[in-house]
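We did not get these values from a lab; they are worked out from the coordinates using the rules stated. None of these values were measured; they are calculated from a predicted model. In this analysis, Cβ positions are derived from the backbone assuming ideal geometry, glycine residues included, and neighbour counts consider all displayed protein chains.
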There are 2 protein chains.
Amino acid sequence: MINFFKYNWQVRDEWFDWCNLLTPKELIKDRIGGVGNILYTLFHIIDVEYSWIRGIQGKEDIIFQFADYNTPEKVKSLSDTFRNEIVVSLKTILEESKDKLVNVSWDENEYTKDEILHHIIAHEIHHIGQLSVWARELDLSPVPANFIGRKLKSVQSY
Amino acid sequence: MINFFKYNWQVRDEWFDWCNLLTPKELIKDRIGGVGNILYTLFHIIDVEYSWIRGIQGKEDIIFQFADYNTPEKVKSLSDTFRNEIVVSLKTILEESKDKLVNVSWDENEYTKDEILHHIIAHEIHHIGQLSVWARELDLSPVPANFIGRKLKSVQSY
């Protein structure tokens, strides 16, 4: 699991760098599919990861509005803040029982910790796949998505 | 790891069903991004998974040409055939050392078994994300990508 987090976090940061290729207007321009624009996709990935991690920890959900984070710098800063917080507890979270049941405020169903960790990981990779199509539609190369051949930074390096 | 395989295989089969919504022409029509068309994306996912699994097993790569499998029925049949073969060895593969080094004919670098399994999983989820954008561009709902709330079938059920 931890290696998928390392992969997602690294790819995410490369997408933040990639955002510098676009104007602020292009980053929030309506696009077909996914959650509808590039910057909101990154915000959404971060928001979903943080909410589910807090859910696993039995913490209350905090609502963040995209309107308050509508520049790449603000979304990146939010990502860094959440990540620093997640890093501190990730080892404990991963060591807990896979079958620990989790209830969250935004979903009436109960899930295991293991299902939620899989969900967070697949959720980010799926949305990044969407960004890659939008990048090509903008005539730009997307961030490479390969898992192999990537030197993964330790989570503590964040 | 096994649950990501279950997830990917289930989502993949749902995309094969989804393909019935489109004409054969739409399925192989050139699109921007990814590997360029819907059916070839599914073929490519299957081909890459099978090649790497054979690589882990120290088996020689077999080259398949998309031209020989250019209908959804043929790609689905190839997917089923490969999967039946993979299911037989997956348990053994997963039980082997994570750090086992693997060399393959199409890549000069050496990777661990663990890296390759992560690669296969992320590769499929990423390309499925691309299909989801193309689906919306066709004014169709994509196959849901949620990991949670999904009853995963055992790999032996294939």
(request) Quick one: dipole size for segment B:44-149, taken about the Cα centre, charges +1 on Lys/Arg Cβ and -1 on Asp/Glu Cβ, in debye to the nearest 20. (result) 320 debye
(request) Give the chain A residue with the shortest beta-carbon distance to the rotation axis relating chain A to chain B, plus that distance as a whole number of Å. (result) A:Gly129, 1
(message) Between segment B:1-19 and segment B:34-64, how far is it from one alpha carbon centroid to the other, in angstrom?
(response) 15 Å
(message) Looking at chain A as a GNM with Cα springs under 10 Å, which of A:Arg136, A:Arg83, A:Arg54 has the largest mean-square fluctuation?
(response) A:Arg136
(request) Find every distance from the label point of A:Ser154 to the corresponding label point in the other copies (7 Å from Cα along Cα→Cβ) and write them in nm, one decimal, shortest first. (result) 4.0
(message) Run the simple label-point estimate for A:Glu110 and A:Thr81 please: 7 Å along Cα→C-beta, distance reported in nm.
(response) 3.3 nm
(message) Below 8 Å, C-alpha to C-alpha, sequence gap of six or more: please give me the relative contact order for chain B in percent.
(response) 32 percent
(request) Run through the other copies and list how far each one's label point is from that of B:Pro24, in nm with one decimal, shortest first; the point sits 7 Å from Cα along Cα-Cβ. (result) 5.2
(request) Can you list the distances in nanometres, one decimal and ascending, from the A:Glu60 label point to the identical position in each other copy, with the point 7 Å along Cα to Cβ? (result) 6.6
